[in-house]
Amino acid sequence: MANELKKPERAAREVLPEQLRWCCDPATFGFETTADLQPLEGVVGQDRAIKALQLGVELYGPGFNIFVCGLSGTGRFTTIQQVLKDIQPHCPPAPDRCYVHNFQRPEQPRLLDMPRGQAARFRKDMDRAIDFLVTRLPQVLEGEQYQRARGRILERYGSQEKEMLDAFSEQLKKERFALAEIGGVGTSVVPVVGGQPVPVERLDELVAGGQVDEAQARQLSGRQEQLQKQFIAIYRKTLELQRAMNLELELLEKETASVLVDSVIEDLKDKYKEVSDHLEAVRASILDNLALFKGQAEGEEGETARGARPMAHADPFRLYRVNVMLSHDDDGTVPVIVETAPSYANLFGSVQRTYDMRGIAQSDFMDIRGGSFLQADGGYLILNALDALIEPGVWKTLKRTLIHGKLEIQAVPDWLMPFATSALKPEPIPVNVKVILIGEHYLYDLLYAHEEDFQQIFKVMADFDSEMNRTTQAAQQYGALLRKLSQEDGLCPFDKEAVAAIVEFGVRRAGRQDKISSRFSEIADLAREACYWSRKEGNQLVRRSHVERAISERIERHNLVESKIREMIEKGVLLIDVTGTRVGQVNGLSVYDMGSYAFGKPVRITASTAMGSQGIINIEREANLSGRIHDKGMAILSGYLRQKFAQKKPLSLDASVCFEQSYSGVDGDSASSTEVYALLSSLSGLPLRQDIAVTGSVNQKGDIQAIGGINYKIEGFYDVCKAKGLTGTQGVILPIENVPDLMLRPDVSEAIRTGKFHLYPVATVEEGIEILTGVKAGEQLPDGSYEEGTVYGLVDKRLTELAEEMKKYEAGGSE
C-alpha cells in the first residue's frame, strides 16, 4: 500500500525569515537619548474616542452623558481630564446653594439659591447678626426707658386689679364673710362666725354645738354660694386683666426690640435681596421668641423657639444659622469632580444624626451634608461604572437624579441602615451635571441591552482602542512618552536602542506587526522596571539590555504554572510526543491566560473512529468540559466531513475526539483543524507527524481561519521541543492569515532562521494534511470519488466500507 501512496507534488512552504518578527530600526529615530526630546503632550492614538468625548462634553442636551469604554491602561482617565482641560467647555454656572430652617414646616428645610460667591458671606453675616442680637437685645430690654414703660403698664393693671379685689373684700367684711384658703385647693368665700372663718361644710357642727341655729346656717350657706359666684366672676376679670397686661407687655417688648431687629434685618435684606422672604421669616421668629435672647443674657439655656422642633444642640439659635451646601469662588472654572469611592452618602449626600441626652436621634437642616454630585453641579462628575453598579442604592438614585435633574438629599435609606432613618425631607436641589462613566465594553453592552433608562441618559459612547497603527510617528511618540515619564517619575534617560526595544514590546502586545499597543500603563510599567535594572547595575542610562531584562524578569515572576507544566511534559507525566508518527493523534496548541500572564502549551488530541450512526462525539462535551465555541467548532467539523464525503452515501460513523489529559474547561475553535487532521488520520490509517504541532480553525469548506495567541502557541511548542531536544524537523502549522501577527521571541526567530524549527503557513485542510502525512490530499473525480492512494481517497474508501458494513449489519439485524 505504501507504494500506492501519492506524494505531494510540491514542497511545503515556510514562513520567510523577515516575517517572523518586526524589528524597530533605531536609526529612524532623530535622537540619541530621550533627554533630547520634548515630553509627550496630549493624547496619542485615541482620535475616535476624543471626538466622541468632545461631542459629549460640548453638547448640552437631555441624556448626553458619556460612557467611556475600553481596556484599563489605555489612558481613559488621563484623556478625559486632558480633553476637559483643552476644551474648557462653557457650562451654565451653578449658583450657590444653602439650606435654612423652614419656620412653617420644620421637617422640610428650605433651599436658598444665591449668586455665586455669596452663600459663604451670607452665612457669616447671619452668624454675626445673631451674635449681635444676642448681646444687644437684652441690653435694650433692660434699658431705663423700656423698664419705665413696663412699670407703668404693671402699675396700671395692678391698680385696677387691686380696686376690684378691695371692693369685694370690703363687701365681704360687711356681710361677715372672708376669703380663705380651704384645704389647699384654692381660695374660697367662707362665713365668719365668732371672729373666725368657718368652711360651709362645718356649719352643721356649729348648729349641733348651739353656736348657730338652723335658720342662720341656711342663710349663711345660701349667701356664701352667691358670694362665691361673685368671686369667680371677679377672678375671671382679673385673669382678663392679666392677659391684657401680658399682651401689652409683649407688644411693648416687640416695639422696643423691633427697632434693633429691624435695622439688622433690613441691612441684610439690602445686601441679600434674593433671600428677603427668608429674612422676613427670621425677623418674625426673633420677635416671637425674645425670651430666648433674654434667657441667654441671664445665663439660661432658654426656651425652645416657637415654630421649631425641640433640638438636641447646645446652640439655641441654631434655627437662624445657614447651612452652606455649595459655595463658589466665582473664578469661572468648570468643576470636574472625580469620585473614587462612590458610596451612596459620598455621591448624593446624607442627613447626619444628633443624639439628645435620652439617646434619641434627631436631625435638622444643619445636619444635611452634600456629596460629590452636588459639587459637580454645572460641571462634570467622573465615576467608575462598576463601582456605581455594585454600591447599594447608587445606580437607582443616579438614574433618577439624571432623568429628573433634581438631587434629593435624604438619610441613608432604610434598607441600607435601618436605624438611620430621619423624617427630614429637604427641598430637592435642581442640578445640571454631566456624568462620565468609565467601564469595560461588557458593562456598556449589558446596560444598553437590559437597562431601558440607560439608553436615554447615556447617549454618547467614547470607545478607547487598545492599539493603534504602527507608524514612524507612533514610534516617535513612544520616545516622547518615555521622556515624560523620566520627567515626572525621575527615570533615567533611554537611549534609542532601549526605545526601539520598548516599541517592539508594544507591537508584540498589540498582536499584529502593523499595530502597536496604546495601553500606555503597561509601557510605563516596563519603562520603570528597565530603569530599576539600569540603576541596579550602576548606570544612569537605560539600554536595550535593561529593557530585555525587565521583560524576562517579569516573565519569571509570573510563569510558575508554565514551568510546572513544562516540567511535567519533560518527565512524561503529561504525554507529548515531539518525534515519530502516530495514527489518529496530533499535537494541538492552547493558550493559558491567567490575566497577568499568558503562555502556550501543546496538548495531545486523539481521534477514534468506528462503524455507527452517532456521528462525531465530543468527549469534552460529554464530560461537561466543553464551551459553546468549542461545541460550534465540532459541529462545523461534522459539516466539513458531510460536504466532502457524504454527498452520495450516509456517514455511517461513530467518531470520538478528545483532548487528552485535559481536566479543565476547553473553549474556542482554534483546534478544529487539528481535530480534522486527527479524524482524517484515523479514517485513512495514515500516521501523522508528532514533531509538528497544529493550530487554526476550519470552516465547513475546509478553509483554515486565523486564530488568536499565535505567538504564545508557537513559543510554547518550541520550548517543549527545546527541552526534549531539537531535531531540526520540528515546527508548527499555522493559518496563513496569522503570518502578519508574528512577533516571536528573538530566540525562537533565530532557531527558525537557522533551520532548527519550522513554521508552515497553510490556507486549506489539504495543505495541512499533506505536511502531516507526506501524502497528497487528493482531488475529487467527476464521479464524486477521490484519487486512489491519496488521503481523501483512503478516507472515502473507509467511509464507503463502513456504510456497506452498517447496511449489512442492519439488514442482518432486521431478519
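The values are calculated or read from the model by the stated rules, or taken from the named source; none is laboratory data. Quantities reported herein were computed from a predicted structural model and do not represent experimental measurements. Quick reminder, even Gly has a Cβ in these numbers, built from the backbone with ideal geometry, and neighbours come from all protein chains shown. In case anyone asks, the SASA skips ligands and DNA or RNA and just uses the protein heavy atoms, side chains included. Shrake-Rupley method; radii C 1.70, N 1.55, O 1.52, S 1.80 Å.
Scaled to the compact-protein estimate 2.2 N^0.38 Å, what is the alpha-carbon radius of gyration of the range 632-775, rounded to two decimal places?
Values: Rg = 15.7 Å, N = 144, 2.2 N^0.38 = 14.5 Å.
In units of the globular-protein estimate, the range 632-775 measures up at 1.08.
If you restrict to DSSP beta bridges whose two residues both lie in the range 628-775, what percentage is antiparallel, to the nearest 5? Mind dumping the intermediate values first?
Details: 3 of 11 bridges.
Taking every DSSP beta bridge within the range 628-775, about 25 percent pair in antiparallel fashion.
Can you tell me the relative contact order of the chain? Whole percent, Cα pairs under 8 Å, sequence separation 6 or more. All intermediate terms of the calculation are to be shown ahead of the outcome.
Numbers: 1365 pairs, mean separation 134.0, N = 815.
Computed over the chain, the figure is 16 percent.
By a straight-distance test (C-alpha under 14 Å), which aspartates and glutamates pair with Lys756 as possible cross-link partners, with residues fewer than eight away in the same chain excluded?
Once the sequence-local aspartates and glutamates are set aside, what remains near Lys756 is Glu14, Asp691, Glu715, Asp719, Asp747.
Compute the helix-to-body angle for 472-489: its Cα long axis versus the longest principal axis of the chain, expressed 0 to 90° and rounded to tens.
Compared with the principal axis, the helix lies near 50 degrees.
Quick one: length gained pulling Ser563 to Arg369 fully straight, 0.36 nm per residue minus the C-alpha distance? Let's see the in-between values first.
Details: separation 194, 0.36 × 194 = 69.84 nm, distance 5.57 nm.
Value of the extension gain: 64.3 nm.
Can you give the accessible area of Thr333 in Å² (nearest 10), computed on protein heavy atoms with a 1.4 Å probe?
90 Å²
What is the calculated FRET efficiency for Glu58 to Arg528, with r their C-beta to C-beta distance and R₀ = 30 Å, to the nearest 0.05?
On the way: r = 36 Å, r/R0 = 1.20.
Step by step, r from the Cβ atoms, then E = 0.25.
Semi-axes of the equivalent ellipsoid for the range 719-813, please: Cα gyration tensor eigenvalues, times 5, square-rooted, ordered largest first, whole Å.
Working: eigenvalues 317, 51, 28 Å².
Each semi-axis is √(5λ); the values are 40, 16, 12 Å.
Compute, for the range 512-578, the length of the dipole vector about the Cα centre, with Cβ point charges of +1 (Lys, Arg) and -1 (Asp, Glu) only. Units Debye, rounded to 20. Spell out each step's value before the answer.
Numbers: 14 positive and 12 negative charges, 59 e Å.
With Lys and Arg at +1 and Asp and Glu at -1, about 280 debye.
222 nm [θ] for the chain, helices only, -39500 (n - 2.57) per DSSP H run of 4+, per residue, to 500? Mind showing how you got there, number by number?
On the way: 26 runs with 372 residues, N = 815.
Taking each H run of at least 4 residues, the total per residue is -15000 deg cm²/dmol.
Lys396 accessible area, nearest 10 Å², 1.4 Å probe?
Number for this one is 140 Å².
Using a 7 Å offset from the Cα along the Cα-to-Cβ direction at both Arg150 and Asp267, what is the distance between the two label points in nm, to one decimal?
Rounded to a tenth, the inter-label distance reads 2.4 nm.
Subtracting the Cα-Cα distance from 0.36 nm times the residue separation, let me have the gained length for Val192 to Ala763 in nm, one decimal.
Numbers: separation 571, 0.36 × 571 = 205.56 nm, distance 13.52 nm.
So the extension gain works out to 192.0 nm.
For the pairs Lys124/Lys269; Lys399/Lys425; Lys484/Lys515; Lys162/Lys237, flag any whose C-alpha to C-alpha distance is greater than 18 Å.
On the way: Lys124/Lys269 14 Å; Lys399/Lys425 20 Å; Lys484/Lys515 22 Å; Lys162/Lys237 12 Å.
Too far apart for the 18 Å limit: Lys399/Lys425; Lys484/Lys515.
What angle, in degrees between 0 and 90 and rounded to the nearest 10, separates the Cα long axis of helix 710-724 from the longest principal axis of the Cα atoms of the chain?
That works out to roughly 60 degrees.
Say a paramagnetic label sat at a point 7 Å from the Cα of Lys724, along Cα to Cβ; which residues of the range 581-596 have their backbone N under 19 Å from it?
581-592
How large is log10 I(q)/I(0) at q = 0.07, 0.08, 0.09, 0.10 Å⁻¹ when the Debye formula is applied to the Cα atoms of the chain, each weighted equally and without solvent?
Treating every Cα as an identical point scatterer, log10 I(q)/I(0) equals -0.79, -0.92, -1.04, -1.13.
How much length, in nm to one decimal, is gained on full extension between Arg753 and Gln643, taken as 0.36 nm per residue of separation minus their Cα-Cα distance?
Values: separation 110, 0.36 × 110 = 39.60 nm, distance 3.91 nm.
Difference between extended and current length: 35.7 nm.
May I ask for the angle, rounded to the nearest 10°, between helix 276-288 and the longest principal axis of the chain, with both axes built from Cα atoms and the value confined to 0 to 90°?
Roughly 40 degrees between the two axes.
Under the rule a/c < 1.5 gives rounded, and otherwise a/b versus b/c splits prolate from oblate, where does the range 128-265 land using the Cα gyration tensor? Show your work: numbers first, answer last.
Values: a/c = 4.54, a/b = 3.76, b/c = 1.21.
Prolate, because a/c is 1.5 or more and a/b exceeds b/c.
For the range 496-612, what is the Kirkwood estimate of the hydrodynamic radius, computed as the reciprocal of the mean inverse distance between distinct Cα atoms, to one decimal in Å? Please report the intermediate quantities before stating the final value.
Values: mean 1/r = 0.0579 Å⁻¹.
About 17.3 Å, per the Kirkwood formula over Cα pairs.
Among Thr790, Pro92, Val499, pick out the residue whose Cα is farthest towards the positive end of the charge dipole of the chain, where Lys and Arg carry +1 and Asp and Glu carry -1 on C-beta, about the Cα centre.
Thr790
Going 7 Å from the Cα of Asp489 toward and past its Cβ, which residues in the range 22-61 have a backbone nitrogen under 16 Å from where you end up?
In the range 22-61, the label zone of Asp489 (backbone N under 16 Å from the point 7 Å along Cα→Cβ) covers 34-35, 39-40.
Run the quick spin-label model on Arg218 and Ile232: label points 7 Å from Cα toward the beta carbon, then report their separation in nm to one decimal.
That separation, rounded to one decimal, is 2.4 nm.
Determine, from the Cβ-Cβ distance of Tyr809 and Ala706 and an R0 of 41 Å, the FRET efficiency 1/(1 + (r/R0)^6), rounded to the nearest 0.05. It would help to have the intermediate numbers written out before the result.
Working: r = 43 Å, r/R0 = 1.04.
Using R0 = 41 Å, I get an efficiency of 0.45.
Among bridges DSSP assigns within the chain, what percent are antiparallel (round to 5)?
On the way: 48 of 79 bridges.
Taking every DSSP beta bridge with both residues in the chain, the antiparallel ones total about 60 percent.
Which one, Leu589, Ile130, Asn65, projects farthest toward the positive side of the charge dipole computed for the chain from Cβ point charges (K/R +1, D/E -1)?
Leu589
Describe numerically, in nm with one decimal, the distance between label points set 7 Å from Cα along Cα→Cβ at Asp127 and at Gln540.
Calculated label separation equals 5.4 nm.
Can you give the accessible area of Ser552 in Å² (nearest 10), computed on protein heavy atoms with a 1.4 Å probe?
About 60 Å², ignoring ligands and nucleic acids.
Please find the FRET efficiency linking Leu252 to Glu181, where r is the Cβ-Cβ separation and R0 is fixed at 22 Å, and quote it to the nearest 0.05.
With R0 = 22 Å, the Cβ-Cβ based efficiency is 0.05.
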